[in-house]
Amino acid sequence: MATYAEMQQIFDDIRGDFRYDHDLNGCLNCGICTATCPSAQFYDYSPREIVQLLWTENVEQIYDAMQEKIWACAQCMTCAARCPFKNSPGGLVAIMREVAIKHEMQSAKDVLRPFGRVMLKLITTGNQLSPDMIQPDHFPDWGPNIQKVEGDLQVLRKAIPVKTLQTVETAWEVSLKTSVEMYTIWEMTGVLKSLELMDENLFDVIEDFIDEKREDYEDWLEEQEEEDDE
Amino acid sequence: MSEQTPGNHNQNGEGAGAGTMKPGYHNTDGQGIAGHGSFFQATDLSQEEAVKATDWVRKHVDRRTIDLGDRMDDVREHMYELEKDGQIIIHRITDQHEPATVQTLFGWDKQVPTKQLWHHKSCGQCGNIPGYPTSLLWFMNKFGFEPGKDYLDETDQTSCTAWNYHGSGIGNVESLAAVFLRNFHQAYVSGKQHGHDLGHFYPLVHCGTSFGNYKEIRKFLVESAELREKVTKILGKLGRLVDGKLVIPEEIIHYSEWVHVMRNRIASELQTIDVSNIRTTAHVACHYYKMVHEDAIYDQSVLGGNRTAIITSTAQALGAQVIDYSTWYDCCGFGFRHIISEREFTRSFTMDRKIRVAREEANADVMLANDTGCVTTMDKNQWIGKAHNQNFQIPIMAEVQFAALACGADPFKIVQLQWHASPCEDLVEKMGMSWSEAKKTFQEYLKEVEAGNIEYLYNPELAYGGKV
Ligand code: SF4
Ligand code: SF4
């Protein structure tokens, strides 16, 4: 359990995000957001409640909501389209999630564990999803026939008449230079750092991968130079 | 049905099934005006007077003329100012892009380029529903577009990373902005390698979430000098500035907007199959019209301008039946992290709020969508419905795939329906094609693929910056 001062700091971090004033303009307590919210139909979750807690600066209950509730939001932004005050409860939730990660909250770590595969793919390749991730054994509840033609995945992908899509491990072919540029973005924006806070093992795997790709790129550049010299 | 209330009631069920909302029609069953109590007095206007009165009200109380105050201003005006101040470069839409002008929610004009497009792919579509991009490229070829000049598909691009951000909270405005600007800078300069000017290719965003995210980020960029300063450093390090400046696109365009503006040409020049017997329902992606909602396309001739025109306009142009269902506004249940780790939510929501309703209320032959997560969610989660006593099935695909089918595209080679789990074969058969024949031909083709005889929509070298 956090101290009051820690909870206050968490709230200050939420309030300090420059999007906060965009996303919270007052609240009628009308509940339109909750009425239209898909997650409110399935979870003990209400965007109206989140907005009210923030609006009334209830730091203890804000902290409480960050343990589980904020992770129920589906981020559809239906609430934002409908709120008469032009609030974005979904946008506020996004800020709260970022702050939960920054403060290394256990709730964030628990929630993110099953998301590791997507994260690994994204950070290392610049793609979030790939054909080899959508195989039947990963999604048993999708049933035995998630495709209409059986066959080798590689061959089926080659039968897509677009060159960039004939891949298995990424959704499309991403050039090496592009991936390396992406790593610079992750580093310079602190994304790798927040990953390290969340899941050290995943971070180590990603770091090794990045080093390897960077080396590949350096080698490639050298080869190009040599070719040019010849 | 009695004539008790003013205006036209949907007495003959024209235009559709339960819950339909035709412009000028109240959806009541003689019980008074929907949403009003019994104290509400009928005016006893004649039919003609009622229409006149309704028109008057429409003209005077049109949301497109409301004063939006200073919290709803047009981001493009601020961009033009920044450009004038020498702070940014705007990737302009020019005559060369042959733009079509459409209107958005508040009646603002939006230009949609129709040519010289840089395909900004979607990881979920390419990874899971490749029929989206293939159908789109196929249409461009059908219109005689020259690959490498009229469109470009290349390897120098990444996902927008917003799926991950909305799912996990890992990432931040800065990283999202840097990714956006890196991709769009590449679009801006991509023409060079192919012998064209800067800005030749205009980015066409395939994914709905990328589209929503990029628009949100663009607003933040235009508004915050601090954010611009931070990302300028990053883009500078990447060598992704032009004259030391950030490149920001004049408009952010979704592929379904291209389909929307091309719909009449698709129907008049390319359509070969009559689809008037097909009952379509539409699910428009939340991130298409609920994020930065002032930028979504609305059209008075489509659903009275009461809902975004996207998808419905294409179904209408093709002559299909457009059937309404009461939960049209609901999201699909994708939820970003939910589809991975809260699957009960995703499958329950999509079955209960989308598939069951579209089946029971609209008896739909197909549900058309315009985004990645929506098609995946609605398509893949039908089988498990049986475990919940919800044995409902509907073919799910993108409007561009449906349009391609209607124009005679091969259901496998082009529309790539083999990747779908929902009963797309039923739709194909109802459209008058033989699924089993098409499948047999495709299986023959797979043998050719194994032997290295692969067919392409464009010269593969183009993907790596090579010449045509
Ligand atoms: S819709 Fe807006 S004003 Fe109404 S309760 Fe939700 S946040 Fe508050
Ligand atoms: S964005 Fe979140 S809070 Fe808003 S309607 Fe969607 S699920 Fe509910």
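Taken together, A:VAL93, A:VAL51, A:VAL99 contain a single residue that is away from ligand 1 (no atom under 15 Å from the Cβ), part of a helix (DSSP H, G or I) and either polar (S, T, N, Q) or not assigned by TED's automatic domain parsing to the domain that holds A:SER194 (or both), which is A:VAL99. Please specify each residue of the stretch A:112-140 satisfying the condition of being in contact (Cβ under 8 Å) with a residue 24 or more places away in the chain and more than 7 Å from chain B (Cβ to nearest Cβ). Within the stretch A:112-140, A:ARG113, A:GLY116, A:LEU120, A:LYS121, A:ILE123, A:THR124, A:THR125, A:ASP132 meet the criteria.
Just checking, how many residues over the stretch B:179-211 are without any contact (Cβ under 8 Å) to a residue 60 or more places away in the chain, out of contact with any Lys or Arg (no Cβ under 8 Å at 6 or more places or on another chain) and part of a helix (DSSP H, G or I)? Counting residues in the stretch B:179-211 that are without any contact (Cβ under 8 Å) to a residue 60 or more places away in the chain, out of contact with any Lys or Arg (no Cβ under 8 Å at 6 or more places or on another chain) and part of a helix (DSSP H, G or I) gives 3. Checking B:THR114, B:THR155, B:THR101 one by one, the residue that is closer than 29 Å to B:GLY335 by Cα and not in a helix (DSSP H, G or I) is B:THR155 and no other. Scanning the stretch A:21-40 for residues that are more than 9 Å from ligand 2 (Cβ to nearest atom), part of a helix (DSSP H, G or I) and within 12 Å of another protein chain (Cβ to nearest Cβ), we see that the one that is farthest from A:GLY91 (Cα to Cα) is A:ALA35.
Yes/no per residue for (1) at pLDDT 90 or above; (2) loosely packed, with under 12 Cβ neighbours inside 10 Å:
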residue: A:SER130; (1), (2): no, no
residue: A:VAL155; (1), (2): yes, no
residue: A:LYS177; (1), (2): yes, no
residue: A:MET198; (1), (2): no, no
residue: A:GLU226; (1), (2): no, yes
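Filtered by the rule that a residue be more than 11 Å from ligand 2 (Cβ to nearest atom), without any contact (Cβ under 8 Å) to a residue 40 or more places away in the chain and closer than 16 Å to A:ILE14 by Cβ, the stretch A:41-56 gives A:GLN52, A:LEU53, A:TRP55, A:THR56. The set of residues in the stretch B:413-468 being hydroxyl-bearing (Ser, Thr, Tyr) and either within 30 Å of B:ASN391 (Cβ to Cβ) or at the interface with chain A (Cβ under 7 Å from one of its Cβ atoms) (or both) consists of B:SER422, B:SER434, B:SER436, B:TYR445, B:TYR456.
Only one of the listed residues (B:GLY408, B:GLY373) is in the same structural domain as B:THR308 (by TED's automatic domain parsing) and modelled with pLDDT under 95. That residue is B:GLY373.
Got a sec? Which helices (runs of 4 or more DSSP H) wholly within the stretch B:217-292 have at least 2 residues that are aliphatic (A, V, I, L, M) and in contact with a Ser or Thr (Cβ under 8 Å, 6 or more places away or on another chain)?
Fully inside the stretch B:217-292 and qualifying: B:255-265.
I'd like to check something: does the stretch A:64-80 contain any residue that is farther than 18 Å from B:PHE336 by Cα, within 9 Å of ligand 2 (Cβ to nearest atom), part of a helix (DSSP H, G or I) and without any contact (Cβ under 8 Å) to a residue 60 or more places away in the chain? Looking for residues that are farther than 18 Å from B:PHE336 by Cα, within 9 Å of ligand 2 (Cβ to nearest atom), part of a helix (DSSP H, G or I) and without any contact (Cβ under 8 Å) to a residue 60 or more places away in the chain, one finds none in the stretch A:64-80, hence no.
Within the stretch A:81-90, the set of residues being farther than 18 Å from B:PHE345 by Cα and either part of a helix (DSSP H, G or I) or more than 8 Å from chain B (Cβ to nearest Cβ) (or both) comprises A:ALA81, A:ARG82, A:CYS83, A:PRO84, A:PHE85, A:ASN87, A:SER88, A:PRO89. Do we find that B:THR209 is assigned by TED's automatic domain parsing to the domain that holds B:HIS91 and under 20 Å from B:ALA296 (Cβ atoms) in this structure? Answer is yes for this residue.
Conditions (1) within 18 Å of the chain's Cα centre (by Cα); (2) farther than 30 Å from B:ILE414 by Cα, marked per residue:
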residue: A:GLN135; (1), (2): no, no
residue: A:GLY151; (1), (2): no, no
residue: A:GLN166; (1), (2): no, no
residue: A:VAL174; (1), (2): no, no
residue: A:MET198; (1), (2): yes, yes
residue: A:ASP204; (1), (2): no, yes
residue: A:ASP208; (1), (2): no, yes
residue: A:GLU218; (1), (2): no, yes
residue: A:ASP229; (1), (2): no, yes
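Kindly evaluate A:THR170 against the criterion of being in contact (Cβ under 8 Å) with a residue 12 or more places away in the chain, out of contact with any His (no Cβ under 6 Å at 6 or more places or on another chain), part of a loop (DSSP other than H, G, I, E, B) and buried (at least 16 other Cβ atoms within 10 Å of the Cβ). Yes: the conditions hold for A:THR170.
Only one of the numbered conditions (1) within 14 Å of chain B (Cβ to nearest Cβ); (2) within 15 Å of ligand 2 (Cβ to nearest atom) is violated by A:ASP13, and that is (2). Of all the listed residues (A:LEU176, A:LEU197, A:LEU153), the sole one being more than 7 Å from chain B (Cβ to nearest Cβ) and closer than 21 Å to B:PHE180 by Cα is A:LEU176. Within the stretch B:366-395, how many residues turn out to be small (Gly, Ala, Ser), within 12 Å of another protein chain (Cβ to nearest Cβ) and within 24 Å of B:TYR288 (Cα to Cα)? Qualifying residue count, the stretch B:366-395: 1. Which ones in the stretch A:141-150 are farther than 21 Å from B:THR350 by Cα and either crowded, with 21+ Cβ neighbours inside 10 Å or more than 7 Å from chain B (Cβ to nearest Cβ) (or both)? Hit for the stretch A:141-150 is A:GLU150, nothing else. B:TYR329 passes every criterion in (1) within 16 Å of ligand 1 (Cβ to nearest atom); (2) over 20 Å from B:THR209 (Cα atoms) apart from (2).
Put simply, of A:VAL111, A:VAL59 the only residue that is under 21 Å from the mean Cα position of the chain (by Cα) and away from ligand 2 (no atom under 11 Å from the Cβ) is A:VAL111. Of the residues in the stretch B:355-362, not one is assigned to a helix (DSSP H, G or I) and either within 29 Å of A:MET119 (Cβ to Cβ) or not assigned by TED's automatic domain parsing to the domain that holds B:ALA404 (or both). Across the stretch B:396-412, the qualifying residues are those that are within 13 Å of another protein chain (Cβ to nearest Cβ) and among the aliphatic types (A, V, I, L, M), and the one among them that is surrounded by the fewest Cβ atoms within 10 Å (Cβ to Cβ) is B:ALA409. Among residues belonging to the stretch A:27-41 that are more than 8 Å from ligand 1 (Cβ to nearest atom) and crowded, with 24+ Cβ neighbours inside 10 Å, point out the one that is nearest to A:PRO84 (Cα to Cα). My answer is A:CYS37. Inspection of the stretch A:97-104 identifies at least one residue that is among the basic types (Lys, Arg), crowded, with 16+ Cβ neighbours inside 10 Å, within 13 Å of another protein chain (Cβ to nearest Cβ) and away from ligand 2 (no atom under 16 Å from the Cβ).
Being within 14 Å of another protein chain (Cβ to nearest Cβ), of a type outside the set (A, V, I, L, M, F, W, C) and not in a loop (DSSP other than H, G, I, E, B), is that true of even one residue in the stretch B:322-336? Within the stretch B:322-336, none of the residues are within 14 Å of another protein chain (Cβ to nearest Cβ), of a type outside the set (A, V, I, L, M, F, W, C) and not in a loop (DSSP other than H, G, I, E, B).
The values are calculated or read from the model by the stated rules, or taken from the named source; none is laboratory data. Just so you know, these numbers come straight off a predicted model, no measurement behind them. All Cβ positions, glycine included, derive from the backbone under ideal geometry; neighbour counts span all protein chains shown.
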